[in-house]
Amino acid sequence: MFRKAFVCAAILLATSTAAWAQSPRVEVAGLFGYSLTDGVSGDPFKAADGNTYDRIDPKDSMSFGLSFGYFVTPKAQVGFLWTRQPTTLEVSGTTVKEIADINIDGYYGFIAYHFGDEEAVIRPYVMGGVGATNYGGFTAQGPTGTVTASGNTQFASTWGVGVKLYPSPHVGLQAGMQWTPTYIKSDAEGVWCGWYGCYVYADAQYSNQIQFLGGITFRF
């Protein structure tokens, strides 16, 4: 009896392993959507145009990207994600002014967990990753002449939820939402004193992107 049970279990394991070995493991997706993006505030600055500015923000705009993923198990996927948001920088204070067009590029390694069976037609997922956000350089015409700024790259994380639909074994659709907070700077907020002395504490400022992305997925 024990021998029969052992043989049956071995057959089931071998069958499931063979099925998993034959399932598509690589996914490549082209993504397109819309990004809601904010910036950071700073000390008030009186410009040559007579206005005072204390904040800079990228405008909300369309975005797109590519992702590459590999299923290390039927549910767990590791991969790389690139996104780009072509947008316009705005400074604000006593007035609002557009200053330049820039690209915001994100580069993230990620881990995604998929729910349901690997052969299911619909699979919800959650994902998280770390990487960097690059704010591209620009050249703008100011009141006193041309201003050129180089690009800036900062550490970022990204978190998302979504769903994938597989109408065929090798082509699918996906839609989801991602939140990407990017560290920009820290502002001194005050002084804290304790048993070991006094320390300056700071308030970290992040630029946040909320992206709604959908696209076509190819499976290999």
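Annotation for HIS170 and PHE155: the two label points, set 7 Å from Cα along the Cα-Cβ direction, are 4.2 nm apart. Within the set of other residues whose C-beta is less than 11 Å from the C-beta of THR37, count the net charge using Lys and Arg as +1 and Asp and Glu as -1. Local net charge: -3.
The distance between label points at VAL40 and THR88 comes to 2.4 nm (points 7 Å beyond Cα on the Cα→Cβ vector).
Efficiency by 1/(1 + (r/R0)^6): what FRET value for ALA140 and PHE80, r their Cβ-Cβ distance, R0 = 30 Å, to the nearest 0.05? Don't skip to the end; give the middle numbers.
Values: r = 32 Å, r/R0 = 1.08.
Here the calculated transfer efficiency is 0.40.
Backbone phi angles across region 50-67, fed through the Karplus curve with coefficients 6.51, -1.76 and 1.60 (θ = phi - 60°), yield HN-Hα couplings of x, 9, 10, 10, 9, 7, 9, 9, x, 6, 4, 6, 5, 8, 8, x, 9, 9 Hz in residue order; Gly and Pro are listed as x. Eigenvalues of the alpha-carbon gyration tensor of region 19-105, scaled by 5 and square-rooted, set the equivalent ellipsoid semi-axes at 43, 12, 8 angstrom, largest first.
Multiply the residue gap between SER23 and THR73 by 0.36 nm, knock off their C-alpha separation, and tell me the result in nm, one decimal place. Don't skip to the end; give the middle numbers.
Details: separation 50, 0.36 × 50 = 18.00 nm, distance 1.07 nm.
Using 0.36 nm per residue and subtracting the Cα-Cα distance, I get 16.9 nm.
Label-to-label distance for THR148 and THR52 is 3.3 nm, based on points extended 7 Å past Cα in the beta-carbon direction.
Grab the other residues whose beta carbon is less than 10 angstrom from that of GLN85, score K and R as +1, D and E as -1, and report the net. Walk me through the intermediate numbers first.
Details: positive: LYS59, ARG84; negative: ASP60, ASP105.
Summing Lys and Arg as +1 and Asp and Glu as -1 gives 0.
What the Kirkwood sum gives for region 24-219 is a hydrodynamic radius of 18.9 Å, with every pair of different alpha carbons counted.
Which FRET efficiency value, to the nearest 0.05, is calculated for ILE122 and LYS185 with the Förster distance at 35 angstrom and r the Cβ-Cβ distance?
Values: r = 42 Å, r/R0 = 1.20.
The pair ILE122/LYS185 has a calculated efficiency of 0.25.
We did not get these values from a lab; they are worked out from the coordinates using the rules stated. This is a predicted model, so every value here is computed, not measured. A quick note on method: Cβ atoms are made from the backbone with ideal geometry, for glycine too, and the neighbour counts reach across all protein chains shown.
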